[in-house]
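The values are calculated or read from the model by the stated rules, or taken from the named source; none is laboratory data. On a predicted model such as this, the values are computed, not experimentally measured, just so you know. Backbone-built Cβ (ideal geometry, glycine too); neighbour counts: all protein chains shown.
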Amino acid sequence: MSCRGHNRSGSESVASRRINQDLPVIARFEVCHRSYLAPDGSIQRPLPAFASDAKLLTALYRAMVFLRLFDRKAVALQRTGRLGTYAVSLGQEAVSVGIASAMREEDVLLPSYRDNGALIWRGVRPEEILLFWGGDERGNQFSGPAHDFPFCVPVGSQAPHAAGVAYALKLRKQARVAVCLFGDGATSKGDVYEAMNFAGVHKLPLVFVVANNQWAISVPLRLQTACETLAQKAIAAGFTGERVDGSDVVAMHAAAEAAIAAARDGKGPHLIEAVTYRLGDHTTSDDASRYRSADDVQAHWKEEPIARLRNYLVAQKMWSKVDEEQLAAECHERVDAAADVYLATAPRRPETMFDHLYADLPEAYAAQRRELAGEHDA
């Protein structure tokens, strides 16, 4: 892990001019960068202690492989008209899996729409995820911790929710942490700035995770912000931000483990910028080839997280060809079973859309419900 200043060369020239005017420097800031495994799986620097735990590392690997195969099945269902719009995690599986694996069950997850890996790690059944993206809200009544939040589709709007959750945890003096995930585009939203500012002022037990996959739909990072890093945005809110190799699941787990432990210990919020790359389309409604080149995507395939961890596991004699074949068979069986359960689930009747709007349904809506149900007023 290394630290460096976050000023661009242009900012440095401004700083130099100020020094020439004999103005004092009253504060300096640094942004640390965390990575352990190189793209080929080799070791870049001393690994954290857990990296020798074959059980944990193979669990992380299994979770990422399953997520990729699950995403592939979901896209196939969408392309054949059996699922709604879906966001894949291709290339950034290490982010949600690495973060969730460092959480305790009592912690609170506030995910974005691309964090299926985190939900599955925390016990959500794959068929429930398919049910949600198939347009059925019963998918949000999931098997994971009941206090976890459902998918958040409006960009960045889960950040204020996370600040509220963390404030409640602190008010109740509970040793629990809120973990909020969103994309790089969300850091340009006021919701996120306001949540970070509130978290910093009140020193909340909250970890913000930015999946910086380089693209906010079709907008590249360079057109979103002039900041050299997204991690440095935490500095303005009064707490620490760090940049992590988001394609290195060892680095993601280590960063999350440290940040969550500090938040639980009363040391306040932390921001993790997970630098990764979205190898697929933004969603199944997108065509990324319209705004980025095939050469750029192909270059980033060399950095993807699954092959990286597999290479390390094989080198450490923690994984074999037989293990890989067994895992592939298990994942395909599990994915197919989830799809079968989803496809066999009968849709809800239209009138049920009114059932959870009010404790006592107003008559205006009650009449509409009766009409949809085929009931006729006397």
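Taking residues in the stretch 217-235 that are in the same structural domain as Ala87 (by TED's automatic domain parsing), and partners anywhere that are of a type outside the set (Gly, Ala, Ser) and part of a loop (DSSP other than H, G, I, E, B), the pairs with Cβ atoms closer than 6 Å and at least 6 places apart or on different chains are Ile217/His282; Ser218/Tyr291; Leu221/Gln214; Glu228/His6; Glu228/Arg8; Thr229/His6; Gln232/His6; Ile235/Phe29.
Within the stretch 58-84, the set of residues being over 18 Å from Ala118 (Cβ atoms) and either of a type outside the set (Ser, Thr, Tyr) or exposed (fewer than 14 other Cβ atoms within 10 Å of the Cβ) (or both) comprises Arg72, Lys73, Val75, Ala76, Leu77, Gln78, Arg79, Thr80, Gly81, Arg82, Leu83, Gly84. Among the numbered conditions (1) under 27 Å from Cys180 (Cα atoms); (2) touching a Gly at 6+ places or on another chain (Cβ under 8 Å), the only one that Leu47 does not meet is (2).
All of (1) at pLDDT 95 or above; (2) not assigned by TED's automatic domain parsing to the domain that holds Gly144 hold for Ala38 with one exception: (2).
Given the criterion assigned to a helix (DSSP H, G or I), surrounded by 22 or more Cβ atoms within 10 Å (Cβ to Cβ) and without any contact (Cβ under 8 Å) to a residue 60 or more places away in the chain, identify the matching residue among Leu131, Leu119.
Working: Leu131 fails: without any contact (Cβ under 8 Å) to a residue 60 or more places away in the chain.
The match here is Leu119.
Are any of the residues in the stretch 149-158 among the hydroxyl-bearing types (Ser, Thr, Tyr) and under 18 Å from Val335 (Cα atoms)? No, the stretch 149-158 contains no residue that is among the hydroxyl-bearing types (Ser, Thr, Tyr) and under 18 Å from Val335 (Cα atoms). Criterion applied to Ala94, Ala87 was being in contact (Cβ under 8 Å) with a residue 40 or more places away in the chain and out of contact with any helix residue (DSSP H, G or I) (no Cβ under 7 Å at 6 or more places or on another chain), and the one residue passing it is Ala87. I'd like the full set of residues that are within 20 Å of Gln232 (Cβ to Cβ) and among the β-branched types (Val, Ile, Thr), limited to the stretch 168-212. Hits for the stretch 168-212 are Thr187, Val192, Val201, Val207, Val209, Val210. Which ones in the stretch 205-222 are surrounded by 24 or more Cβ atoms within 10 Å (Cβ to Cβ) and of a type outside the set (S, T, N, Q)? Pro205, Leu206, Val207, Phe208, Val209, Val210, Ala211 - these are the residues of the stretch 205-222 that are surrounded by 24 or more Cβ atoms within 10 Å (Cβ to Cβ) and of a type outside the set (S, T, N, Q).
Scan the stretch 59-91 for residues that are part of a loop (DSSP other than H, G, I, E, B) and not hydrophobic (A, V, I, L, M, F, W, C) and report the count.
Looking only at that region, the number is 8.
Test each condition in (1) in the same structural domain as Lys233 (by TED's automatic domain parsing); (2) more than 27 Å from Lys73 (Cβ to Cβ); (3) outside any loop (DSSP other than H, G, I, E, B) for Leu309 and report the one that comes out false. Every condition holds for Leu309 apart from (2). Go through the stretch 322-370 and give me each residue that's assigned to a helix (DSSP H, G or I), loosely packed, with under 13 Cβ neighbours inside 10 Å and among the charged types (D, E, K, R). Result: Glu325, Glu333, Asp336, Asp340, Glu363. All of Val165, Val201, Val207 fail the test of being hydrophobic (A, V, I, L, M, F, W, C), more than 30 Å from Asp296 (Cβ to Cβ) and either part of a strand (DSSP E or B) or at pLDDT below 95 (or both), apart from Val207. Restricting the first member to the stretch 362-374 and to residues that are closer than 10 Å to Glu351 by Cβ, and the second to residues that are assigned to a helix (DSSP H, G or I), the beta-carbon pairs closer than 6 Å and six or more apart or on different chains are Arg369/Glu351; Arg369/Phe354; Leu372/Pro350; Leu372/Glu351; Ala373/Glu351. Checking each residue in the stretch 272-297 for being outside any helix (DSSP H, G or I) and over 26 Å from Cys180 (Cα atoms) picks out Asp287, Tyr291, Arg292, Ser293.
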